[in-house]
1. Which residue pairs have Cβ atoms closer than 7 Å, lie 6 or more positions apart in sequence or on different chains, and pair a first residue in region 422-433 that is surrounded by 16 or more Cβ atoms within 10 Å (Cβ to Cβ) with a second residue that is in a loop (DSSP other than H, G, I, E, B) and among the aromatic types (F, W, Y)?
2. Just wondering, is there one or more residues in region 339-361 that are hydroxyl-bearing (S, T, Y), modelled with pLDDT of 90 or more and under 18 Å from G405 (Cα atoms)?
3. Is it the case, given these coordinates, that R404 is of a type in the set (D, E, K, R), surrounded by 20 or more Cβ atoms within 10 Å (Cβ to Cβ), touching a residue at least 24 places away in the same chain (Cβ under 8 Å) and under 30 Å from G211 (Cβ atoms)?
4. Is there any pair with a first residue in region 325-338 that is in contact (Cβ under 8 Å) with a residue 24 or more places away in the chain and among the small types (G, A, S) and a second that is surrounded by fewer than 17 Cβ atoms within 10 Å (Cβ to Cβ) and not in a loop (DSSP other than H, G, I, E, B) whose Cβ atoms are under 7 Å apart and which are 6 or more apart or on different chains, and what are they?
5. So for region 348-358 (the condition being surrounded by 15 or more Cβ atoms within 10 Å (Cβ to Cβ) and touching a Gly at 6+ places or on another chain (Cβ under 6 Å)), does at least one residue qualify?
6. Any idea which of (1) modelled with pLDDT under 70; (2) in a helix (DSSP H, G or I) is the one E80 doesn't satisfy?
7. Residue by residue through region 165-217, note down the ones that are hydroxyl-bearing (S, T, Y) and at pLDDT 90 or above.
8. Can you list residue pairs whose Cβ atoms sit under 7 Å apart, with the first residue in region 355-371 being of a type in the set (S, T, Y) and the second being assigned to a helix (DSSP H, G or I) and crowded, with 19+ Cβ neighbours inside 10 Å? Count only pairs 6 or more apart in sequence or on different chains.
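The values are calculated or read from the model by the stated rules, or taken from the named source; none is laboratory data. Quantities reported herein were computed from a predicted structural model and do not represent experimental measurements. Heads up, the Cβs are rebuilt from the backbone with ideal geometry, glycines too, and the neighbour counts pull from every protein chain shown.
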Amino acid sequence: MLWSLTKVVLFVIIIGALALGAGLLSETGEALRIVVAGWEFTIGPVQAVVLGVLLFLAVWLALRILGLLAATFRFLNGDETAISRYFDRNRERKGYRALSEGMMALASGEPRLALNRAQNAERLLGKPELTTLLVAQAAEAAGDRKRATEAYKTLLKDDATRFVGVRGLLQQKLAEGDREVALKLAEKAFELRPRHAETQDVLLQLQSDAGDWSGARTTLGAKLKAGTLPKDVYRRRDAVLALQQARTVIDDASSIEAREAAIEANKLSPDLIPAAAMAARGYLAKGDRKNATRVLKKAWEVLPHPDLAAAFADIEPDETPQERLKRFRTLTNARPDADESKMLLAELLLATEDFPTARRALDDVATRAPTQRSLAILAAIARGEGEDDSVVRDIVARAIAAPRGPQWVCDKCHAIHDGWQPVCDNCGSFDTLSWKTPPATTTASPALAELLPLMEARPEPEPEAPPPEEEPLPLDEIARRAN
């Protein structure tokens, strides 16, 4: 609206300036005399200006005619496209001008103007590989998604622009939230350009969201071949995908494939806690206790974790507390300085009712790093040693208010998860969960819930004796009271 008004005002100013100039020229009174071959011509100022304009037009027209005659001469000499090129040159020049103006308008944040120029360029040039992409981008920026989709589909018809068309449609489906169609488009884009880094990342994310772990591993391998992923990062992420593949196989009740996939994941990344626990159970399913012990011990040396201890307990599920304490020395001695090792050993000693040794094994964990679990163990030890109820209750109160301790926390968004998983539920990041201490929480931990009966054990109150039954009254007494 403002631009239209500006053009009208400019037009009026120009007409007024021309009229004023013509009036000034007519008022000068001076004439222009031209003498040609004995002929004398007297021309007024206005006529002189008009004659100059006509002369300029005549020269321009003569040049155009000469160009057309030259093109005709070349056509007669055998150049069959000379005349068509002559007429197309002007259209091409206008088309490229419209194309450049459209690109500048799109970069300047004027999508409507860019779409108009792109459509003009499309009409004048007849080169869809140049103009259709600009039409699609301008239409998308202007909010005309239907026009943009048509333009992207047009790009699919040419081999040179097919990838650009697929990528444009992919971005549209991602924006719409249609991840199923987006996955198919990403697979097609990956087929066309397997080394395209952005396509690899999008496809990997979509495959992970869809649970296509086998396809995700193939895409990850392509990233390694393309040089967009370091080898150590590739091995770690491939292990994560192999672990998820093993979990999927377990869900499908195919235990043999699950065991092999879990063992492969552990070999790819021995420090991946869930992979080590699952691989150990895979070895146990084959009756291979030695390799199960080796896998868990190696993972414990990297990072002591309760899941590893649980898997280690499954190796000999029917052993006595004394036998279990002896066997678990393999883990606790591997990292005796770790808090997890100290708490695990203290819990094992509690099971054998060796409370003084359990206190020494716990060391200063409950005071240096008080958590619900460490304080629960301390309360159980105090109860076992015969401490006063007030002391035990004080420790229990501290345990309830204490933080839970290490949990699976996303390194990117710091969201807390109940268990390990490859993709963060909160931010969608891949392989960002670490076992570390999050901000304090007041939620009671499972370990605390299991130990509360032991900590709060009190003698049950004796049932109250029923009141003595009254002796029946004599008949004469009943008759007297009735009267």
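1. Hits for this filter: L433/W420.
2. Going residue by residue through region 339-361, those that are hydroxyl-bearing (S, T, Y) are 341, 352, 357.
Cutting the leftovers down to modelled with pLDDT of 90 or more gives us 341, 352, 357.
Next, from what is left, pick out any that are under 18 Å from G405 (Cα atoms): 341.
Yes: one or more hits.
3. On the way: of a type in the set (D, E, K, R): yes; surrounded by 20 or more Cβ atoms within 10 Å (Cβ to Cβ): yes; touching a residue at least 24 places away in the same chain (Cβ under 8 Å): yes; under 30 Å from G211 (Cβ atoms): yes.
So R404 passes the test.
4. A334/E301
5. Within region 348-358, one or more residues are surrounded by 15 or more Cβ atoms within 10 Å (Cβ to Cβ) and touching a Gly at 6+ places or on another chain (Cβ under 6 Å).
6. (2)
7. First, pick out the residues of region 165-217 that are hydroxyl-bearing (S, T, Y): 199, 208, 214.
T199 - this is the single residue of region 165-217 that is hydroxyl-bearing (S, T, Y) and at pLDDT 90 or above.
8. From residues that are of a type in the set (S, T, Y), the pairs are T357/L349.
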